[in-house]
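The next block holds one structure in the form of structure tokens; read it before the comments.
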Amino acid sequence: REMADADILLHVLAPVTAATMDLAPRLGLVQKIGVGIDAIDVAHAKARGIAVCNMPGTNTAAVAEMTLALVLACLRRIPRLHAGTAAGGIWPQAGEIGDGLGEIGGRTVGLVGYGAVAQRLVPVLRALGAQVVAHSRSSREDGVEFLPLDALLARADIVSLHLPSTPQTYHVI
């Protein structure tokens, strides 16, 4: 009902399909409040002359911080240890947790894609003692070693994907 006289659609999470856009005959802009536009039917928007825009950089810090949090959660087995503690148990002995528990320091982190988020992670990972390698369509002169994807995967202890969702990146791993 609200779409009938809309000129602009502010997009956050729900997919913006052709059917959604067709509810708004005056629609001239779909503005993504964030970065990724993979949930927007861009081809239909283009066919209708509707501009699609995003906001590069708006969530770079948040995504970089979440990436680091997830890496630490995996290395430290936080979900398993939390579940055991929450169930009233005691922490298991180191041998019960499995190999690989540890720190980022001394490990090689492979960043697949080298946009704003990956670039923000590099100094943090290095400060924690990690070596950083990357794979990207284009390399930069900022001291990061760029590798072909297969070489990165063979060398990295930790791999973090920082790619837009496109037909070219679908199932890259």
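So that you can scan it fast, the table gives a plain yes or no per residue for (1) touching a strand residue (DSSP E or B) at 6+ places or on another chain (Cβ under 8 Å); (2) assigned to a loop (DSSP other than H, G, I, E, B); (3) under 22 Å from VAL112 (Cα atoms):
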residue	(1), (2), (3)
MET3	yes, no, no
ALA19	no, no, no
ALA24	yes, yes, no
GLN31	yes, no, no
ALA43	no, no, no
GLU65	no, no, yes
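Listed here are the residues, each with its yes/no results for (1) of a type in the set (A, V, I, L, M); (2) buried (at least 16 other Cβ atoms within 10 Å of the Cβ); (3) under 26 Å from the mean Cα position of the chain (by Cα).
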| position | (1), (2), (3) |
| --- | --- |
| ASP5 | no, no, no |
| ALA43 | yes, no, yes |
| ALA51 | yes, no, yes |
| ASN54 | no, yes, yes |
| ALA62 | yes, no, yes |
| GLY84 | no, yes, no |
| GLU103 | no, no, yes |
| VAL117 | yes, yes, yes |
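For region 112-137, filtering for residues that are assigned to a strand (DSSP E or B) and over 12 Å from LEU161 (Cβ atoms) leaves 3. Within region 156-173, residues that are modelled with pLDDT of 90 or more and open to solvent by 80 Å² or more (accessible area, probe 1.4 Å) have Cβ atoms under 7 Å from residues that are part of a loop (DSSP other than H, G, I, E, B) and of a type outside the set (A, V, I, L, M, F, W, C) in these pairs: ASP157/ARG107; LEU161/GLY113, counting only partners at least 6 apart in sequence or on another chain.
The values are calculated or read from the model by the stated rules, or taken from the named source; none is laboratory data. A quick note: this is a predicted structure, and the numbers were derived from the prediction, not measured. Note: ideal-geometry Cβ built from the backbone for every residue, glycine included; neighbour counts use all protein chains shown. Just the protein is used for accessible areas: all its heavy atoms, side chains included, with ligands, DNA and RNA removed. Shrake-Rupley method; radii C 1.70, N 1.55, O 1.52, S 1.80 Å.
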